[in-house]
Amino acid sequence: MDREVIKLDYSKMKVPNHLAIIVDGNGRWATKQGLSRSDGHKEGFVNLMRVLKYAYSKDIKYVSAYLFSTENFKRSKVEVDFIMGLLTGKLDDILNFCHSEKIKAIFSGRRKNLSNKVISVIEKIEDETKDYENRVFNICFNYGGRAEIVDATRKITLDIDNGKLDINSLNEEIFSKYLYQDLPPVDLMIRTSGEQRLSNFMLWQCSYAEFYFPKVYFPDFNENEFDKAILEYTKRDRRFGGIDYENKSN
Ligand code: IPE
Ligand code: IPE
Ligand code: MG
């Protein structure tokens, strides 16, 4: 593991407005130390709260976290049940955290395959935190980027049929509003554990995101690892298809 410790002066840095995190490596983290995969998910949850607290303290406004994909239903029933139970069992912790940090928590994902218990927890979290404005935590749960685009297309088609939307006015901005949540584009996408793929995460929103792939498993993704990610982000030259004419090297 790269243990280099860095010190960042955040007051001088442009941090991402929207940070997306693919929480990956919980299982391998646990297996490496002889624990069960469930222990890895438990530890991942504790670390997620820690990472979020740090991210918002550095003025990041939006954080999206990928916690369960539509494809993760392929895993054993024991593991799936454990992750579902983690969300419902940690309801009070999540609410306390959101209230103390003044965070609006929202969910992205398909609700129809989730149990009534999970859905009621999701609705409670969203309802209790809906009035917070400055910090948003987008919890991607039973989420798939392709499913999101298909679901948006279905809603658009219905609105066209109902006469609520004129097909000629459909553009990228309007399309975005039909996604699970109306969020700004992702600026920085971090995936822990060394895997370098999106695994169906925020395909639309990551179109111009910078990607960063630290090797550490998510439970080891601490504040120093976070600082390294932000430092790397600040060094990227984001051109969005244009050319920076001010920069003499161009
Ligand atoms: C991330 O950790 C959490 C979920 C996908 C639910 P993993 O469970 O994917 O951990 P690894 O990748 O198997 O180590
Ligand atoms: C992606 O991780 C999903 C989440 C982190 C929730 P996976 O561990 O499921 O992805 P693959 O199977 O390695 O692509
Ligand atoms: Mg994984």
Subject >> Test result for Val23, near ligand 1 (Cβ under 10 Å from one of its atoms), within 19 Å of Met189 (Cα to Cα) and either among the aliphatic types (A, V, I, L, M) or open to solvent by 30 Å² or more (accessible area, probe 1.4 Å) (or both) >> reply: yes
**OP:** Count, please, the residues in segment 102-118 that happen to be within 11 Å of Met84 (Cβ to Cβ) and either touching a Cys at 6+ places or on another chain (Cβ under 9 Å) or at pLDDT below 95 (or both).
**Re:** 1
Subject >> Segments classed as helices (runs of 4 or more DSSP H), wholly inside segment 140-250, with at least 2 members that are aromatic (Phe, Trp, Tyr) >> reply: 223-235
Original post:
Is it true that Phe221 is under 30 Å from Gln33 (Cα atoms), surrounded by 18 or more Cβ atoms within 10 Å (Cβ to Cβ) and not acidic (Asp, Glu)?
Top reply: yes
Original post:
Within segment 28-71, which residues are aromatic (Phe, Trp, Tyr) and more than 8 Å from ligand 1 (Cβ to nearest atom)?
Top reply: Phe45, Tyr54, Tyr56, Tyr62
Subject >> Single match in Phe73, Phe107 (criterion: over 18 Å from the mean Cα position of the chain (by Cα) and of a type outside the set (Gly, Ala, Ser)) >> reply: Phe73
Subject >> Count of segment 58-94 residues which are open to solvent by less than 60 Å² (accessible area, probe 1.4 Å), away from ligand 2 (no atom under 16 Å from the Cβ) and closer than 25 Å to Val186 by Cα >> reply: 3
Original post:
Considering segment 172-207 alone, what residues qualify as being open to solvent by 20 Å² or more (accessible area, probe 1.4 Å), away from ligand 1 (no atom under 16 Å from the Cβ) and touching a strand residue (DSSP E or B) at 6+ places or on another chain (Cβ under 8 Å)?
Top reply: Tyr180, Gln181, Leu183, Pro184, Pro185, Asp187
Subject >> Selection count where residues are open to solvent by 50 Å² or more (accessible area, probe 1.4 Å) and within 18 Å of Glu195 (Cβ to Cβ), scope segment 224-238 >> reply: 1
Subject >> Lone qualifier among Ala55, Ala30 - being crowded, with 17+ Cβ neighbours inside 10 Å, more than 20 Å from Ser199 (Cβ to Cβ) and aliphatic (A, V, I, L, M) >> reply: Ala55
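The values are calculated or read from the model by the stated rules, or taken from the named source; none is laboratory data. Predicted model only: the values in this text are computed from it and were never measured. Every residue, glycine as well, gets a Cβ built from its backbone with ideal geometry; the counts of neighbours run over all protein chains shown. All accessible areas refer to the heavy atoms of the entire protein, side chains included, with ligands and DNA or RNA removed. Shrake-Rupley method; radii C 1.70, N 1.55, O 1.52, S 1.80 Å.
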